[in-house]
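A short worksheet on the structure shown next.
Values quoted throughout were computed directly from the atomic coordinates according to the rules given, and no laboratory measurement underlies them. None of the values given here were measured: they were computed from a predicted structure. We place every Cβ from the backbone using ideal geometry, glycine too, and count neighbours over all the protein chains shown.
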Amino acid sequence: MKLGVNIDHVAVLREARQVNDPDILQALYVACENGAQQITIHLREDRRHIQDADVKNILMHSKLPVNLECSINKEILNIVSSLKPHRATLVPEKREEVTTEGGLDVFSYENDVAYAIEQLHDALIPVSLFVDPSIEAMEKSKELGAEMVELHTGLFSNLWAMLNTSLPHSNHSVKELELSRAELSVRLEASIEQIRLAAEHANKLGLEVAAGHGLNYHNVHEMMQIAEITELNIGQSIIARSVFTGLAEAVKEMKRITSR
């Protein structure tokens, strides 16, 4: 299983004080040296964490492939096309959201997504689409010309946390999932099955399959059971763990868990 380490949250800490500490390049080097097989970053339109200079520096210094997440905004696409990362992953983006809340709507924005893929392909950049795990989304992704899909695991992760952690008793409880344990269990199994079926269908279509969003040291084993998923992109939980263990050990531990 290929482990992509998302280092956006190192930049979140840096931007919180508007200083140059922690150093995003130091995070890159530590991740590279301790088991990461890919570096993932997200150049958001509002530049809330990763900056243009970060992308240039990471692409210049990374010994690993760089997966650059971006929206279908034309200004952003022009930047990505000029920087030429190893892969671009098209994601939805809202200014008001804390983090990406769902998969890219490849149906409502079909023409925009098609244009984005064409532009990136013209720049010789392979494209992955960050989409919700549905058969229809897999087929549309293939039709639009993407080489890869990344299955959005946010619903799975929320269900898992509401069932297996103290999240329901915290200020961050997911209100729409404040359900009985029996109902949460049923919905969790359904979400895992949905991801499995989407991954199998994508694989049959010839798409590479990744997964990400909300995955952590405790729930990631469920994704490990799905053979068609060959890549995981994990960030927040690794950076959170690193506060207590250091980044090197946090990456090593996730690599141990996700090795198969």
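Things to note:
- Condition check for residue 144: in contact with a Lys or Arg (Cβ under 7 Å, 6 or more places away or on another chain) and more than 21 Å from residue 221 (Cα to Cα): no
- Where a residue in segment 20-31 is at negative phi and its partner, wherever it lies, is among the hydroxyl-bearing types (Ser, Thr, Tyr), with Cβ under 7 Å and at least six apart: 28/62
- Odd one out for residue 188, checked against (1) of a type in the set (A, V, I, L, M, F, W, C); (2) out of contact with any Phe, Trp or Tyr (no Cβ under 8 Å at 6 or more places or on another chain); (3) buried (at least 19 other Cβ atoms within 10 Å of the Cβ); (4) free of Cβ contacts under 8 Å to residues at least 60 places away in the same chain: (2)
- Scope segment 24-40; condition farther than 20 Å from residue 1 by Cβ and either touching an Asp or Glu at 6+ places or on another chain (Cβ under 6 Å) or among the polar types (S, T, N, Q) (or both); matching residues: 24, 26
- The conditions of being outside any helix (DSSP H, G or I), of a type in the set (A, V, I, L, M, F, W, C) and crowded, with 17+ Cβ neighbours inside 10 Å are met by residue 215.
- Residue 112 touching a residue at least 40 places away in the same chain (Cβ under 8 Å) and either in a loop (DSSP other than H, G, I, E, B) or not aromatic (Phe, Trp, Tyr) (or both): yes
For (1) under 20 Å from the mean Cα position of the chain (by Cα); (2) part of a loop (DSSP other than H, G, I, E, B), each residue gets a yes or a no:
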| residue | (1), (2) |
| --- | --- |
| 140 | yes, no |
| 143 | no, no |
| 146 | yes, yes |
| 151 | yes, no |
| 155 | yes, no |
| 160 | yes, no |
| 171 | no, yes |
| 176 | no, no |
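- Filter pass, residue 181 being surrounded by fewer than 18 Cβ atoms within 10 Å (Cβ to Cβ), touching a residue at least 40 places away in the same chain (Cβ under 8 Å) and not hydroxyl-bearing (Ser, Thr, Tyr): no
- Between 69, 75, 45, the distinction of being among the acidic types (Asp, Glu) and in a strand (DSSP E or B) belongs to 69 only.
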